[in-house]
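Worksheet: one structure, shown below.
The values are calculated or read from the model by the stated rules, or taken from the named source; none is laboratory data. Please read all numbers here as calculations on a predicted model, not as lab measurements. Neighbour counts run over all protein chains shown; Cβ positions are idealised from the backbone, glycine included.
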Amino acid sequence: MSVDGGVRRLKSEADEPGWEVDPDDDWGVAVVATVGRQLRLRREAVGMRAAEFGAAVGYGEDLVYKIEGGKRIPRPEFLDKADEALGAGGLLSAMKEDVAKVRYPKKVRDLAQLEAKAVELQLYDPLNIHGLLQTPEYARGLLLMRRPAYTEDEVERFIAARVARKSVFERDPAPELSFVLEEWTLRRPLGGKALLRGQLEYLLEAGQLRNVELQVMPMDREEHAGLAGGIEVLKFADGSAVGRSPEVANGRPVSDPRQLRILELRYGIIRAQALTPRESSAFIEQLLGDT
């Protein structure tokens with residue numbers, strides 16, 4: 001809550017850019033509507049008017065009504081303050097985890113759910129260092145280059161989503177992760193050399209994990225099986241799998257065995273054409289020394 005000329009200014013619609021609910025995200029709409037309904041019921045149960053409640057948590061009455069009506073995503077600190085003001089005993093604060101997920105773009109959230117279940121991931125991105133391997137600082141630099149530009153709030157949402165996806169490295173048992181990176185993505189100092197150095201250092205750390213195989217595709221290769229675009233193949237404990245590539249089904253996720261075979265064949269050839277994991281680590285160390 002800010003102070004302007006000695007008068008407390010409550011957060012209003014204009015103070016909350018980027019917290020709208022995506023109408024095409026059915027799950028997100030349902031979560032925010034449920035949270036809003038619980039807030040309203042709690043507020044009415046204690047006999048507190050919207051304006052009075054808003055003053056207690058530092059929000060304008062208009063924004064309180066929007067949150068209670070499922071039109072706006074409440075910030076985590078709003079739920080904490082609401083829990084205290086309404087004496088909810090932690091029930092409102094406990095909703096922060098689901099509400100936080102609503103802020104992740106739906107397509108990113110869906111992908112993260114698949115990654116969380118996979119026992120093996122095969123990943124190749126011809127244009128960028130793969131999102132699972134990006135440091136938050138490097139990811140921010142890439143997102144800020146986007147045109148038309150993202151808002152600052154959108155940038156934060158995408159970074160939060162990428163950081164959340166990194167939990168795949170911490171699972172127990174850990175999944176097998178295979179990455180193929182293009183040499184040019186490791187050389188181009190996007191965002192500045194300092195960001196690139198931090199990114200290269202992180203790649204060396206990730207490559208030392210027992211469940212991670214990281215390979216580099218050198219620019220001097222005369223044959224390259226990855227010219228048709230990126231590849232993602234996720235395999236699950238029950239033997240099923242899902243894959244995605246711009247060349248197959250227009251980039252939509254596929255589970256048909258024939259289409260998966262194409263993706264796995266291409267990925268296998270790409271890996272064979274790339275440097276070995278040991279050679280790749282030495283190559284990245286050399287790049288780091290030259291940066």
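If you scan the stretch 218-239, which residues turn out to be touching a Phe, Trp or Tyr at 6+ places or on another chain (Cβ under 7 Å) and exposed (fewer than 14 other Cβ atoms within 10 Å of the Cβ)?
Passing the criteria: only Met219.
Checking the condition free of Cβ contacts under 8 Å to residues at least 24 places away in the same chain and more than 16 Å from the chain's Cα centre (by Cα), which residue from Ala149, Ala85, Ala139 passes?
Matching residue, one of Ala149, Ala85, Ala139: Ala149.
For Pro136, indicate whether it is more than 27 Å from Asp26 (Cβ to Cβ) and surrounded by fewer than 19 Cβ atoms within 10 Å (Cβ to Cβ).
yes
Looking at Ala161, Ala206, which one is closer than 26 Å to Val102 by Cα and either of a type outside the set (D, E, K, R) or at pLDDT 95 or above (or both)?
It is Ala161.
Spot the failing condition for Val242; the list is (1) more than 16 Å from Glu182 (Cβ to Cβ); (2) without any contact (Cβ under 8 Å) to a residue 40 or more places away in the chain, and only one is missed.
Of the numbered conditions (1) more than 16 Å from Glu182 (Cβ to Cβ); (2) without any contact (Cβ under 8 Å) to a residue 40 or more places away in the chain, the odd one out for Val242 is (2).
This table checks each residue for (1) surrounded by 18 or more Cβ atoms within 10 Å (Cβ to Cβ); (2) among the basic types (Lys, Arg).
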position: Leu123; (1), (2): yes, no
position: Pro126; (1), (2): yes, no
position: Tyr150; (1), (2): no, no
position: Lys166; (1), (2): no, yes
position: Glu170; (1), (2): no, no
position: Ser178; (1), (2): yes, no
position: Leu186; (1), (2): yes, no
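Taking the stretch 39-94, which residues are in contact with a Lys or Arg (Cβ under 6 Å, 6 or more places away or on another chain) and among the aromatic types (Phe, Trp, Tyr)?
Result: Phe53, Tyr59.
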